[in-house]
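Note sheet for the following structure.
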Amino acid sequence: MPIPATQIAGLANGINGSRKVKPNNLKRLFTKAFRSTAVKSIFKTKAKRKPPAEIVRRVRFLLEAVDSLDDNVDPSHFDKMEELDSLLHELKAMLYGSNECEPAVDACAQLTQEFFRENTFRLIIICLPKLNLEARKDVTRIVANLQRQPVNSRLIASDYLEANSDLMDHLVCGYDDPGLALHYGTMLRECIRHQVVARYVLNSEHMKKFFDYMQIPEFDVAADATATFKELMTRHKSTVAEFLSENYDWFFVEFNAKLLESANYITRRQAIKLLGDILLDRSNSAVMTSYVNSKDNLRILMNLLREASKNIQLDAFHVFKLFVANRNKPTDIVNIIVANRSKLLRFFASFRIDKEDEQFEADKAQVVKEIAELEAKGPLFSGELHKFPGTPTASGELYKLPTTHLSRQLT
């Protein structure tokens, strides 16, 4: 209720002295004015926020209601959906804080503990398809943040996911739905931060699906699947080494055929870079030795050296040099390199990068020296030898990747 104009006018007149107001009347005037609704609203304090655990419990209750809806019912007609959206947004704000304040450690711990105490985490993943876009974004960020929240110095998300590993099946299969793929993909990568989760996914049948997911026509979905695949293959080194040693044959058959020899340029470029990251990692030294002993793998790398893309050429070089540096080259590897010696030497003579890079030049010089001094073993020309076709152009700027001394490889 606004302050009456007569009161304001009277107050102003009293102050200006245009008309005299007795002290008692002036006191009553101020008291009445400050009791008005309009003035109260100015000084009204914000309602006290509910405890984090209570909010999570309310969210769980609403998610259970959403989950119980029939598939033919439009979730937007659920009368409590607006409340659920608001609570999810509030949970996200608690976990991430704001421009004005950092997230409260105790509140985050209480929220996290309640989330994993019951089935809230499961419900929030299962119900994602029934939420609107903004709620999905909030859920994605909530799930991601919960993976990093310590409770009593322990990441309880890891324990929960180890006991509920079937949720990873749900997240991986999210790539089958373009509308949900980016949300589930982001959640999956955050869950893979836990080694126990990464091991589960690596050893599941889902690994074979990634070779198809990475070639999905929708570019952003394929790129997201590629990011998840890279995370799986590089984050937990000991687990990856174990996986590759046990699954070497089928993995590299798929990797070579569907990625390195893909018709899609982006797929080939990402694949050859990832291959270099895998093979040059010391944890995968046994896998690298097996890879560079294969003439089929050498054939693929020599073809990638012919690519018009300077980026692919450089990444292929970092893998090709491992074949050359191998001190125990099989006979067919030696003979293929010797048979193509002149073309390879011409290629490397013009293969350079614009920016000065002493390590690259040292690696290239070592490769050239090894090829020049290599001697054939047995009959040189056989039907199995791969011929390195014409020398590609090797000028122009190349994408710089970290390299390692050849002398440290395959000793």
Computed about the Cα centre, the charge dipole of the stretch 134-284 from +1 Lys/Arg and -1 Asp/Glu charges at the Cβ has a magnitude in debye, to the nearest 20, of 600
Computed about the Cα centre, the charge dipole of the stretch 108-192 from +1 Lys/Arg and -1 Asp/Glu charges at the Cβ has a magnitude in debye, to the nearest 20, of 260
Whole-percent carbon and sulfur contribution to the accessible surface of the stretch 102-248 (1.4 Å, no ligands, DNA or RNA) stands at 48
One quarter of the C-alpha convex hull surface, i.e. the mean projected area of the stretch 194-263 in nm², amounts to 4.6
Per the charge dipole of the stretch 299-347 (beta-carbon charges, Lys/Arg positive, Asp/Glu negative, Cα centre), the residue among VAL338, ASN311, ASN328 reaching farthest to the positive end is VAL338
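What does the accessible area per residue of the stretch 94-216 come to in Å², with a 1.4 Å probe and no ligands, DNA or RNA counted? Don't skip to the end; give the middle numbers.
Working: 5380 Å² over 123 residues.
Value returned for the stretch 94-216: 44 Å² of accessible area per residue.
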Once the dipole of the stretch 158-228 is set up from charges on Cβ (+1 Lys and Arg, -1 Asp and Glu), the residue from the list LEU202, SER165, TYR184 lying farthest towards its positive end is LEU202
For the stretch 237-300, dividing by residue count, accessible area per residue (probe 1.4 Å) in Å² works out to 43
Length-normalised contact order of the stretch 243-375, Cα under 8 Å, at least 6 apart, in percent, tallies to 20
Quick shape summary for the stretch 98-236, equivalent ellipsoid via Cα gyration tensor, semi-axes whole Å in descending order, reads 25, 18, 14
Note on the stretch 43-157: the mean projected area of its alpha-carbon convex hull, in nm², is 8.1
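The values are calculated or read from the model by the stated rules, or taken from the named source; none is laboratory data. Values in this document were obtained by computation on a predicted structure and should not be read as measured data. Heads up, the Cβs are rebuilt from the backbone with ideal geometry, glycines too, and the neighbour counts pull from every protein chain shown. Each accessible area value is taken on the protein alone, full model and side chains, heavy atoms only, with ligands, DNA and RNA left out. Shrake-Rupley method; radii C 1.70, N 1.55, O 1.52, S 1.80 Å.
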